[in-house]
1. With VAL114, VAL97, VAL61, VAL36 as the choices, which residue is outside any loop (DSSP other than H, G, I, E, B), touching a Lys or Arg at 6+ places or on another chain (Cβ under 7 Å) and at pLDDT 95 or above?
2. Cβ contacts < 8 Å: first residue over 14 Å from PHE85 (Cβ atoms), restricted to region 124-136; second residue outside any strand (DSSP E or B) and small (Gly, Ala, Ser), any location; separation 6+ or different chain. Result?
3. Out of curiosity, is GLY106 touching a strand residue (DSSP E or B) at 6+ places or on another chain (Cβ under 8 Å), in contact (Cβ under 8 Å) with a residue 12 or more places away in the chain and part of a loop (DSSP other than H, G, I, E, B)?
4. Only one of (1) modelled with pLDDT under 95; (2) surrounded by 12 or more Cβ atoms within 10 Å (Cβ to Cβ) is not met by SER25, so which one is it?
5. Give just the number: which of (1) surrounded by fewer than 13 Cβ atoms within 10 Å (Cβ to Cβ); (2) charged (D, E, K, R); (3) without any contact (Cβ under 8 Å) to a residue 12 or more places away in the chain does ASP59 not satisfy?
Amino acid sequence: MKRALMIGSTVAIAMIIAASAIRVSARTSDTAEIKVLEQRLIDGIKSKDAKQIMSFYSDDVFAYDVVPPREYVGIAAFQKPWQGFLDMFKGTINAEVNDLVINSDGKIAYSRSVQRLSGTTNEGKPFDETFRITDVYRKSQGKWAIVQEHISAPPHAARW
């Protein structure tokens, strides 16, 4: 009886460990996939390609942006401020992602990062701004898409 109980307990512990390893592996894969999504989105910004940028958002995306009206529902509505932003630059846009943190349960994920965008406007003025980005992703048919985004600009220390 004791031996059967020990064997049963050992098998149960092994199953729990195996299930945990599978979940960790899935989260690691999710993180890698979302990092690729974020890098391709940044590549779209650098090349001023609105179509590429929008390909990473769901059709029903909900976004808070720093550009009025500040709240956008749906991909068509959110593409307008993106296109306006891209069109205000002469030449390429420099873009970088810092402090990217991603959490996932395999179906839903969220990230936070600090992103710096810079370049020269069509008027010849320098543009150099830092934004805080929080994204929520949903995985559907094996593909991650941004379903909610919150963009904010931190207060400038010089103003304090």
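1. Exactly one of VAL114, VAL97, VAL61, VAL36 is outside any loop (DSSP other than H, G, I, E, B), touching a Lys or Arg at 6+ places or on another chain (Cβ under 7 Å) and at pLDDT 95 or above, namely VAL114.
2. From residues that are over 14 Å from PHE85 (Cβ atoms), the pairs are THR130/ALA153; ARG132/ALA153.
3. The answer is yes for GLY106.
4. Result: SER25 passes all but (2).
5. For ASP59, the exception is condition (3).
The values are calculated or read from the model by the stated rules, or taken from the named source; none is laboratory data. The model shown is predicted, which means the values in this text are computed figures rather than measured ones. Cβ: placed from backbone, ideal geometry, glycine included. Neighbour counts: every protein chain shown.
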